[in-house]
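Trainee: Once you've had a glance at the structure underneath, I'll fire off some questions.
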There are 4 protein chains.
Amino acid sequence: MATLGAELAHVAAGRVAITVPIGPHLSQQDGFLHAGVVVAALDSACGYAALTLMPADAEVLTVELKVNLLAPANGDRLLAEGDVLRAGRTLTVCRGDAYAEQGSERVHVATMLATMMPRRAG
Amino acid sequence: MATLGAELAHVAAGRVAITVPIGPHLSQQDGFLHAGVVVAALDSACGYAALTLMPADAEVLTVELKVNLLAPANGDRLLAEGDVLRAGRTLTVCRGDAYAEQGSERVHVATMLATMMPRRAG
Amino acid sequence: MATLGAELAHVAAGRVAITVPIGPHLSQQDGFLHAGVVVAALDSACGYAALTLMPADAEVLTVELKVNLLAPANGDRLLAEGDVLRAGRTLTVCRGDAYAEQGSERVHVATMLATMMPRRAG
Amino acid sequence: MATLGAELAHVAAGRVAITVPIGPHLSQQDGFLHAGVVVAALDSACGYAALTLMPADAEVLTVELKVNLLAPANGDRLLAEGDVLRAGRTLTVCRGDAYAEQGSERVHVATMLATMMPRRAG
């Protein structure tokens with residue numbers, strides 16, 4: 001995510017938001033952000049949100065994810081929000097929503113459900 | 001859904017809620033509602049929510065659905081809510097959330113993402 | 001599944017097949033099997049397939065499932081096959097495929113990915 | 001995918017395979033390929049597989065995808081296979097499977113279901 005210019009915009013218990021600037025290097029010829037970047041940003045937001053509720057020495061692993069792409073992402077930046085729906089001992093279920101922002105306008109571009117799991121750092 | 005005793009609890013443009021009584025006939029030996037009933041209730045709530053934004057003569061078809069089961073469903077009744085996230089000409093994307101209710105307590109038992117499609121009545 | 005007239009057609013380690021007769025009681029006005037029945041049959045086939053690789057006293061719990069409905073299901077019977085793709089200590093991932101059969105013809109009507117988890121009886 | 005060093009390994013009607021070399025630039029500290037790379041490779045293999053059955057001037061759009069990560073991906077290269085399960089006029093449903101290969105050994109690292117849609121080039 002660092003190579004994408006991603007930044008943590010918000011961190012709270014069970015909730016993380018990430019922003020990614022939408023520039024030509026991540027976009028297709030038509031100016032839209034690659035779907036892969038949207039998916040990666042949502043996966044990261046969900047993973048970090050899960051991590052906020054895990055033991056301090058845990059790393060987080062994506063078990064499975066599902067994403068619906070709702071609209072093409074163009075504009076100034078992508079906002080990816082991850083929320084924990086259920087934090088279990090073994091499995092954490094998260095919802096992610098991504099928005100393309102341009103000035104004060106915001107378009108809902110994708111939604112995700114993901115299951116995360118802690119992995120003890122080795 | 002009729003055989004499950006399901007009732008429409010709320011209908012608005014892009015939003016439908018269904019309730020299903022939790023009784024012994026739909027439950028497993030341990031008193032929990034069958035996961036299949038939860039999935040069917042969410043699928044119905046999402047389908048009806050999509051239908052509220054489709055032409056009057058359309059029927060609705062589930063293209064795909066994904067559900068995460070968050071907690072066992074027991075109590076007095078199941079509440080399944082469906083919301084349209086995106087209503088396109090061809091595809092409608094919905095989110096569904098199901099809650100088990102007992103008195104004033106409510107537990108989030110499942111969440112769904114589903115893609116719906118209109119089908120002209122034949 | 002018993003009330004659906006479902007029968008186990010095949011059981012092997014990591015692989016289970018279930019058949020469901022397609023009759024008027026499970027079908028819509030147009031003669032097609034309800035999507036909910038297809039999903040329930042696939043969920044059962046996947047759950048039983050996972051169970052074949054779990055400890056003898058375990059029960060199986062569906063963590064999440066995703067299904068794509070490929071074609072309407074009509075004909076004589078539904079065949080739902082479940083296969084374990086990965087059997088872990090905690091999580092078992094299964095693939096399910098459902099076919100509508102009429103005489104010697106077979107149509108692929110749905111495909112599923114599901115995550116299962118053991119639950120100790122009792 | 002070009003920046004990942006991805007190559008088309010196989011193209012046939014309804015079936016495409018892509019390989020991605022597993023090197024330090026795409027891997028985490030622990031030597032495993034980033035999950036995002038696995039997802040992107042599967043999405044590409046599925047998209048190209050769908051494209052082989054679409055009109056010549058069509059581009060392909062991912063409507064939704066779901067992936068289960070089965071094992072960490074390390075070794076020499078990643079092989080991502082995409083297969084069309086159903087090619088409709090509007091929607092094409094694909095299955096993708098990814099394998100990490102090292103010498104003659106092969107590990108199944110991820111499986112995907114995805115829905116694709118044609119978009120006329122504009």
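Trainee: Could you give every pair whose Cβ atoms fall below 6 Å, whose first residue belongs to the stretch C:5-19 and is under 14 Å from C:CYS46 (Cβ atoms), and whose second residue is of a type in the set (Phe, Trp, Tyr), counting only separations of at least 6 or pairs across chains?
Mentor: C:VAL16/C:TYR48
Trainee: Here are the criteria: (1) closer than 27 Å to A:THR90 by Cβ; (2) open to solvent by 30 Å² or more (accessible area, probe 1.4 Å). Tell me which single one B:MET1 does not satisfy.
Mentor: Unmet for B:MET1, out of (1) closer than 27 Å to A:THR90 by Cβ; (2) open to solvent by 30 Å² or more (accessible area, probe 1.4 Å): (1).
Trainee: With the requirement that a residue be within 13 Å of chain D (Cβ to nearest Cβ) and modelled with pLDDT of 85 or more, what does the stretch A:19-33 give you?
Mentor: A:VAL20 - this is the single residue of the stretch A:19-33 that is within 13 Å of chain D (Cβ to nearest Cβ) and modelled with pLDDT of 85 or more.
Trainee: Can you pull out every residue in the stretch A:85-110 that is open to solvent by 30 Å² or more (accessible area, probe 1.4 Å) and in contact (Cβ under 8 Å) with a residue 60 or more places away in the chain?
Mentor: Hit for the stretch A:85-110 is A:ALA87, nothing else.
Trainee: Here's another thing I want to ask about it. Within the group A:ARG89, A:ARG15, which residue is within 19 Å of A:LEU113 (Cα to Cα) and out of contact with any strand residue (DSSP E or B) (no Cβ under 6 Å at 6 or more places or on another chain)?
Mentor: From the options A:ARG89, A:ARG15, the qualifying one is A:ARG89.
Trainee: Just to verify a result, which residue in the stretch D:63-83, among those that are of a type in the set (A, V, I, L, M), under 12 Å from the mean Cα position of the chain (by Cα) and over 12 Å from C:LEU113 (Cβ atoms), is farthest from the other protein chains (Cβ to nearest Cβ)?
Mentor: D:LEU79
Trainee: Of everything in the stretch A:34-62, what is more than 14 Å from every other protein chain (Cβ to nearest Cβ), at pLDDT below 95 and open to solvent by 40 Å² or more (accessible area, probe 1.4 Å)? Give them in sequence order.
Mentor: Correct list: A:PRO55, A:ALA56, A:ASP57.
Trainee: Here's something else I'd like to know. From the list A:LEU79, A:LEU70, A:LEU8, A:LEU33, which one is of a type outside the set (Val, Ile, Thr), in contact with a helix residue (DSSP H, G or I) (Cβ under 7 Å, 6 or more places away or on another chain) and more than 30 Å from C:ARG89 (Cβ to Cβ)?
Mentor: A:LEU33
Trainee: State whether the residues of the stretch C:104-118 include one that is over 24 Å from D:GLY88 (Cα atoms), within 14 Å of chain B (Cβ to nearest Cβ) and out of contact with any helix residue (DSSP H, G or I) (no Cβ under 8 Å at 6 or more places or on another chain).
Mentor: Within the stretch C:104-118, one or more residues are over 24 Å from D:GLY88 (Cα atoms), within 14 Å of chain B (Cβ to nearest Cβ) and out of contact with any helix residue (DSSP H, G or I) (no Cβ under 8 Å at 6 or more places or on another chain).
The values are calculated or read from the model by the stated rules, or taken from the named source; none is laboratory data. A quick note: this is a predicted structure, and the numbers were derived from the prediction, not measured. With ideal geometry, Cβ positions are generated from the backbone for all residues, glycine too; neighbour counts draw on all protein chains shown. All accessible areas refer to the heavy atoms of the entire protein, side chains included, with ligands and DNA or RNA removed. Shrake-Rupley method; radii C 1.70, N 1.55, O 1.52, S 1.80 Å.
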